[in-house]
Every structure is written in C-alpha cells, then in structure tokens.
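The values are calculated or read from the model by the stated rules, or taken from the named source; none is laboratory data. Every value quoted in this text rests on a predicted model; they were computed, and no experiment measured them. We place every Cβ from the backbone using ideal geometry, glycine too, and count neighbours over all the protein chains shown. Remember, those area values only see protein heavy atoms, side chains included, never the ligands or the DNA or RNA. Shrake-Rupley method; radii C 1.70, N 1.55, O 1.52, S 1.80 Å.
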Amino acid sequence: MDYDVIVIGLGTAGGETLRELAGTGLRVLGLERLNGMGGTGTLGCISFGASIPARMIDLERACKAVTIVYEATVIAARSIGRCVTEVSYVANGVRFDVLGRIVIDASGEATVGRLLGLPLRRGCSFDGTVASGARAESWQKSSGEIRPIYRNFPMPCSEHSLEGLANQALMWHVRRHQGWLSREKGSRLLRPSLMMGVRESARYWTERIQDLEGALRDVPVEDPIIHAWEPEDLPVYDSAYAFESKATQNWKVLCGLPLFGFPVSLSYRTIVVRGFDNLLCPSRHLGVSHDLGGAMRMQSQMRQSGLAAACAAEIALERNLPVGAVPYAELRSRLLSKGGLTVARKSDVTSCGGYVFEPYSDDQVIGALRQDVVRTPEWWYAKSENRPCEQAAWAYWNVWKRKLRGDAKGVAALADRLQSEMNRCDRYSVNFAVALGLLDDARCVPMLRNVVTACNSVLDPVVERAFPNRLKAILLLGRFADVASVAPLFEIVEDDARAFADRLLQAKAFGSLDMCRYQALSYVLMALRNILIRHPDKGVLQALRAWRERPILLRDAEGYDLARRIKRIAFDAG
Amino acid sequence: MTRRKFLKNLAASGFVSGWTPELWSAMPVRPAEQTILLGGTAFALGMALARPTESLVVERGVVLAPEFTLTAGFSRLGAATSEIGRELCAQARRCGLLQGDRIELPPFSDFLASFFSLRGGRCLLETELISVERQNGSWQVGLFPLAIGGLVMTEAADFLDTTDLAWRNLGLDAVSSRHLGAMAREGDIAVELPAATTWRDGRLRLFEEAERKMGRTIISEYAAFKTRYVDSKVGRRMSAGYWWNPSAQYGTFMEAFEAGYAWTMM
C-alpha cells in the first residue's frame, strides 16, 4: 500500500498528529502497538482527573477518515539515500509492507531510527540508564477522582525490554499496590498501565539539539514550534542528576533550584531527523539533551510537537519539499491558526508556587548570601517572598546568569567583592565561596577544602538544613581538580560515607542515613573522578577499584540498590 | 540451537546488549527441547511453572493473565487444587488482594509477575511473535522483543498457543461472541460484539451503549475482550507439536492456571 503519511505511535504526540492530518484529505496510516490511542495519557495511566476512555474515543472519532492499525508492531524500515521509503509491520502475525512519502515517528523510542541502524542518543547522558516506571490508574470512591499512581526508578538501557526490566518494574508495581491498598481503603485500582513507562531510552540526532545551558543562556530560537515549561521534575534527593552536565550541577546543586522552572522554546529543527528528507520525530525522542528532557515530559508539549509535525508534513507534501526545507513563516502561521505555539509564561525563573524572582543588584547578592543558606521541604513549594533561603538561591542564580550573559566586566567586579566577603572567614564565607565557584573562579578552593575537612567549625556551623554547602563544596573541588582534596575525599569513600552522612544528618539533611550516604558518595566519587582524570594517581585508583569490589548495603525507602547505581555511574559511565 | 548460533542471531539483530545475562543463564541447556507458550495467560503461567526450565512464555504486552486481569475489576479466583495453586492463593490473601474468593484483578496481574519470576518462570514481555515454521522435526520461532528492536530466532520442540483467537486468528471459527466491558459510575456495562470485531468498532459500540443507557460516565474501559467459545471447537491440535488451547475458555483464573499446570503434551 502507498500512503502520503505514515504515523508510527499514536500516543500523545502521534495521536495529535493523526487528528490533525485526518481532516486534510491525505492518505494517512496510523500504526499503534497498543489497542487504543493516547499513549501515556490514556493506556499509560498518567491522567489526572480526566476520563481516559472518553479521551480515547474522542481521538478515534476525530480520526475516522484515516486508517488506524492497532496492535501493530513495526519490525523493519528501509531507506534510499535521504528518504525512508518503506515500513514493515506485523499485526496478528501477518506482515505488511507499506510505502510512505513522509514518515512521522512518534513512538517516543526512535523506532524507525533503531530499525535503520541510525546512531541514537541512548539513556541518561551520564550512565546510559533509562528512567523506567510502573504505573496504574486508581479511583477514589469518595471524591470520584481518577488519578495515577506510579514509581520511577533507573534501569540500565541494556535491561530495558526483557524480563529483567519488566518483572522488576512490575515488582515495584506490586509493592506500590500493597502499600497503597493498605493505606487507602476507600479507593480502588482500575487497571495497570498497558505500557512500560520508559523515558530516555533512545533519542534521535536531529538537525538541532537543544540543551539546558543554551536555554538558560537564552540562545535564540528563530523557528520555535513548542513553547515549553521546564518543570524539572527529577527527584530532588537523587544526586545522580549532578552527573548530567555542568549546567545541571549549577542549576540544581549550586544554585539549589531543583524545582524551579523557566520557559524554553524548541526549534522546528529538533523534530527533523538529521540526514533525512522525509522523517520527522515529534514526541520525547526529539532533539533535546537529557538535561533539558524535563521540558518535553508534559503532555501539552508532546501535543504541540505532534501538531507541528502534522503541519510540516502537510506543507512539505503540498509544495513537494524536503521536511527540512519547510518555510518557517508558513509553518508558524499554520500552527497559530490551529491553536499551536501557545505562549509560554514570560517570567525568567519561577518557583512551583508561582513566585517570580526579580534581578538583584551586587549589594542585594551580597546581602542575600550573608545569611544562613538553608533548605527546607516547604521552601520548594512555598509561595512566599523574603525567605533567606529563597533570596540565596536567587542570588546564586543572579551570579551565574551574569556569567552566562557574558558580562565580563560585571563578573570580575562581583567576583572581587565575593572574594573579599569570603575572606572574612565567618559562618557565611562558604556561601561566597560557592558563588565564586559558579563564576569558575578558583580563589574559592582553599575555603571549600576547609569545609570538607573541618566540618562543624566556624566556617561550617551546624545550622538546620544547611547541609547543601558541604555537598556543593565537594562538587566544586572536583570541578577545580584540586589535588590536595584527594586524600580527604578518599577518606570519605573508605568509610563508605558513614561519618560524613552522620554530619549531614546533624545539619538536618533530608531522608535516611542511607540516602545521605548515597548523596555524599555520589558527589565524592564524581569529584575524585574529575581530579584523577587530570592528575592520575595509580595508588588511589587501585584503592578505588578495591573499594568498588567491596559490598555495601545502601538502599532507598523502597529497597532499590543505590550502591549498585552509584558504582555503575562513577566507574562505568563515560 | 547452539549458544553460538543464538548469539549470532542476536548480533544480526544489532542489539546484542539487549539480552540480559540473567535471561541467558536461564536458557535451557537444549532449547530444542523447550515448549514455547504464546500469551502470558493464566493457562500458560500454570504450565510454565510446572516445567520452568523447559518452557518459555511469550507475551506481547506487559500484563500477565490479561484475559482475566484486564476484563473486570473484581472476579472469583476459583479453587486451587495443586500445591503451587494453594501457595498462590495464600500469598495473594496475605497481600490483601483476595477477600473471600473475590480477587482484585488489576494489582493481581503484577502480583503474578512477581510470583512467577521468583519461581523461575521465564517470560518475555513486549515480544511479538513473527513466525513459526516446522523444520527438521522442530519449530523455528521468530520473535521480535520490542526493546531489542530486532529479530531473534529460537527453536522449540512444542508450540502451545494460549491466546483468545490463536495466532493469525486461526481459532476464530471457535468463537461465538466477544464482549467489551467498562466500569461506569452506575455499575459495570458490557456490549456483545461479533467474533471478528476490532478495537475501534468495539469501543465505539461500548460508548454508544453507555451514552444511550446512562450518559457518558464510563470511568474505565476494560482493556481486553471477554471471549465466548463454541465448546465443541475450542482447543485443538493444529499440527504435530502445535496446539491451541485458549486460556479464556476457563471460567476463573485458577481453573485456567490449574489446567495449565496439569497439561501434558500428547
């Protein structure tokens, strides 16, 4: 059979693509592995309050004019030159080969790319894991509310698929259910998710890849198709995210803004697969780096990407153009006429509570850092002004933002002031040292070293919730490759971070001793890795390898093996 | 199939790393002696647990026993007759899933995954069956595990299809009707559909029925059809070493599980 457009995967993005193409008169084929449309938002059980069956039937009714094949698995794809020419799928044991002028892969897992053997970006950038999830849909009898329950956990890419992943995921699922059933007697589980919740398993190399640093630098996007909101919904306690990129370290760890968001616009070229004239890739496998992945996790953004793919395909077919040559002005006007390109919030950075920060002057930065920088759970969600912790986070962001904007003169002047404040050697000195670290200014190193080696001194007083400074110090020492820190850092590893985590708990760190040890070991191993890459030391390396072989019991609240995770990241990744 | 040939096939698929060492070590010494069970159904699970090293369950979805767990919210579990069946019931009760003889089906599916894997059962989830061919007295089976994204060939002495309509709908003539149900605020509803109905038609009929009867208040549509059979035609030997015995023909989960546990190839 011959089609104008083949859409693979009818999930949130693909469903929108198909709905849009249904009214165009084009010959369209939609292939879906499950038995309904909507993907994660329907059969994947991520739906807050909405009726999943109603959503599915609405999509199906809107797509009456196109051919949909459910329970179809795409098993092969062929290409000639810069074009994907043929797609093969199996439905109930029967194989079909179909031709398409344009192929839109909305599977979220780069299905066509995998089958063509294209180079792909796989898993998290730092250790190749995928964030898998087990999910189910529940119903509150009293309120009539339908809501998802889920548990995410990282798995290596290599285990994504077979029973290793599936059964582990399902076992998590069981535990979740057991706990849930005993807690919420008035509720009822409706059904388990029909799909594995897998993020980041494979992403395309597209004509443009956008990353977190670019987004924070305000690198211009001339051809936006999606106005997203970076919600940063990664677990706050999982220090592994610090391995993602320097931008992530600065944003989440040093500034301490893990749950703060900012607007991101994604370019049309993030859905045009590099090297192909007729392959588009809306959905989560598009051209964003892992550290910006949060911007494409939400259903509204997925739908925007699906709509953009449909409009681009329409234009390309009308004008007989390669998808990469679709005129943006025309695409933009078509998107606007169809309700796409909804305007993102204009604020620079905002907390979950919606409080928008204003830029600080140098004096305000200094003033904000001359306070105890603490972190409380309430802070992340609170909508309040003038809390010292918020002011500090905003001060750090201001410092870093100035560097990102390339304001060399202003940065130099600010750095000098920060250094002079740091040299007062009082309880706030480490705050200024961290700010200097954000400016990549090595004058902060001796102060940071003191924090790691001399906890509970005047430089690092036991202030409630002040624990982040110690972790920040370790991270920065690694970044500056400070050889003198190797010995104290290795001592922490040798002790499996027991004493260090105890001190974190004294400063009222969140979570269990194991979680604190996990955080400490993550940062220390990352720092040691950075230092040893630049200053190799055979003795230390050998000792670290010996430590790696030593069994450590380190589990999170649900029994996940954190020691295995951190060892894999620190020793095997990259 | 030799270990080398097996790896060669995997290499040809391009994604060798997709096959876990755990799964590899669990492969039987002589795959040619294994039985492949199509469908992660209650019947297949029972049979696989009776001979864990000789059986490989192939399921295209991620839910076990979908013919029961995805067709209703609550159901009678049925009576266990074997030791393992009684153990399964006892554990389900301890987990709070079983109250009297009524089992809460959605979480039961995941409970089964845990129960099955901890007893050494082997199951490939998200795996599509591509081909089954008789060659030199055994079955050459082509599988397409989703995340590997490539064809994997394996071999089996016997092939037992436990799915509702059989692979390629070969059992369609044995089906008298299919039902699609949903949980609505006012109580469960279901529509009767022709044997060869599609998901699209089935869902549309269900919604029309819901709208006609009680307004649009469906909370959750059940994600599998309930199938009824013509008794005289259900379950058959397709050819030497190839059977079709749908798990959905049994009234309860435990009935299907125990039938699978007691099944012997003839």
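Among the residues making up the range A:43-71, a single one is in a loop (DSSP other than H, G, I, E, B), modelled with pLDDT of 80 or more, more than 10 Å from chain B (Cβ to nearest Cβ) and open to solvent by 30 Å² or more (accessible area, probe 1.4 Å): A:A65.
If only residues of the range B:72-103 that are out of contact with any helix residue (DSSP H, G or I) (no Cβ under 8 Å at 6 or more places or on another chain) and touching a residue at least 24 places away in the same chain (Cβ under 8 Å) are counted, the one that is farthest from A:E137 (Cα to Cα) is B:D101. When every residue of the range B:252-261 is checked against the conditions, none turns out to be more than 30 Å from A:G38 (Cα to Cα), within 14 Å of chain A (Cβ to nearest Cβ) and either among the aromatic types (F, W, Y) or open to solvent by less than 60 Å² (accessible area, probe 1.4 Å) (or both).
Tallying residues that are part of a loop (DSSP other than H, G, I, E, B) and either away from chain A (no Cβ under 14 Å) or farther than 25 Å from B:H179 by Cβ (or both) within the range B:67-107 yields 10. Of all residues in the range B:113-129, those satisfying the criterion of being polar (S, T, N, Q) and either in contact with a helix residue (DSSP H, G or I) (Cβ under 6 Å, 6 or more places away or on another chain) or within 7 Å of another protein chain (Cβ to nearest Cβ) (or both) are B:S114, B:S117. Scanning the range A:31-42 for residues being assigned to a loop (DSSP other than H, G, I, E, B) and modelled with pLDDT under 95 gives a total of 7. Within the range B:180-206, can you find the residues that are touching a residue at least 12 places away in the same chain (Cβ under 8 Å) and at the interface with chain A (Cβ under 10 Å from one of its Cβ atoms)? Correct list: B:A182, B:M183, B:A184, B:R185, B:G202, B:R203, B:L206. Quickly run through the range B:240-266 and pick out the residues that are among the hydrophobic types (A, V, I, L, M, F, W, C) and out of contact with any strand residue (DSSP E or B) (no Cβ under 6 Å at 6 or more places or on another chain). The answer is B:A240, B:F253, B:M254, B:A256, B:F257, B:A259, B:A262, B:W263, B:M266.
Residues checked against (1) touching a strand residue (DSSP E or B) at 6+ places or on another chain (Cβ under 9 Å); (2) under 28 Å from A:L34 (Cα atoms); (3) among the aliphatic types (A, V, I, L, M):
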| site | (1), (2), (3) |
| --- | --- |
| B:S55 | yes, yes, no |
| B:G61 | no, yes, no |
| B:L88 | no, no, yes |
| B:L151 | yes, yes, yes |
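Could you tell me which residue of the range B:219-240 is surrounded by the most Cβ atoms within 10 Å (Cβ to Cβ), considering only residues that are within 27 Å of B:V175 (Cα to Cα) and within 12 Å of chain A (Cβ to nearest Cβ)?
B:E221
Can you pull out every residue in the range A:264-287 that is touching a Lys or Arg at 6+ places or on another chain (Cβ under 6 Å) and open to solvent by 20 Å² or more (accessible area, probe 1.4 Å)?
Kept after step one, since they are touching a Lys or Arg at 6+ places or on another chain (Cβ under 6 Å), are these residues of the range A:264-287: A:267, A:269-270, A:276-277, A:285, A:287.
Selection gives A:R269, A:D277.
When restricted to residues that are modelled with pLDDT of 85 or more, within 16 Å of A:L477 (Cβ to Cβ) and open to solvent by less than 60 Å² (accessible area, probe 1.4 Å), the range A:520-574 contains 13.
Taking residues in the range A:72-95 that are away from every other protein chain (no Cβ under 14 Å), and partners anywhere that are basic (K, R) and surrounded by fewer than 16 Cβ atoms within 10 Å (Cβ to Cβ), the pairs with Cβ atoms closer than 7 Å and at least 6 places apart or on different chains are A:T85/A:R78; A:E86/A:R78.
Among the conditions (1) touching a residue at least 12 places away in the same chain (Cβ under 8 Å); (2) more than 8 Å from chain A (Cβ to nearest Cβ); (3) open to solvent by 20 Å² or more (accessible area, probe 1.4 Å), B:L146 misses just one, which is (2). Restricting attention to the range B:77-90, report how many residues are under 21 Å from the mean Cα position of the chain (by Cα) and either modelled with pLDDT under 90 or aliphatic (A, V, I, L, M) (or both). Qualifying residue count for the region: 5.
Taking (1) more than 8 Å from chain A (Cβ to nearest Cβ); (2) open to solvent by 30 Å² or more (accessible area, probe 1.4 Å) in turn, B:V132 satisfies each apart from (2).
Here A:N35 fulfils each of the conditions (1) within 8 Å of chain B (Cβ to nearest Cβ); (2) open to solvent by 30 Å² or more (accessible area, probe 1.4 Å); (3) touching a Lys or Arg at 6+ places or on another chain (Cβ under 9 Å); (4) not aliphatic (A, V, I, L, M) apart from (2). Within the range B:205-216, the only residue that satisfies the criterion of being open to solvent by 20 Å² or more (accessible area, probe 1.4 Å) and touching a helix residue (DSSP H, G or I) at 6+ places or on another chain (Cβ under 7 Å) is B:R216. Find the residue count for the range B:42-66, including only residues that are closer than 24 Å to A:G44 by Cα, open to solvent by 20 Å² or more (accessible area, probe 1.4 Å) and assigned to a helix (DSSP H, G or I). The total comes to 1. Within this structure, A:P235 passes the test of being out of contact with any strand residue (DSSP E or B) (no Cβ under 7 Å at 6 or more places or on another chain) and either open to solvent by 20 Å² or more (accessible area, probe 1.4 Å) or modelled with pLDDT of 85 or more (or both). Might you check whether a residue that is in contact (Cβ under 8 Å) with a residue 40 or more places away in the chain, within 27 Å of A:R122 (Cβ to Cβ), within 11 Å of another protein chain (Cβ to nearest Cβ) and within 31 Å of the chain's Cα centre (by Cα) occurs anywhere in the range A:9-32? Looking through the range A:9-32, at least one residue is in contact (Cβ under 8 Å) with a residue 40 or more places away in the chain, within 27 Å of A:R122 (Cβ to Cβ), within 11 Å of another protein chain (Cβ to nearest Cβ) and within 31 Å of the chain's Cα centre (by Cα). If you go through the range A:530-541 one residue at a time, do you hit one that is touching a residue at least 24 places away in the same chain (Cβ under 8 Å) and of a type in the set (G, A, S)? No, the range A:530-541 contains no residue that is touching a residue at least 24 places away in the same chain (Cβ under 8 Å) and of a type in the set (G, A, S). You will find that of A:D105, A:D97, the residue that is surrounded by 21 or more Cβ atoms within 10 Å (Cβ to Cβ) and modelled with pLDDT of 95 or more is A:D105 and no other.
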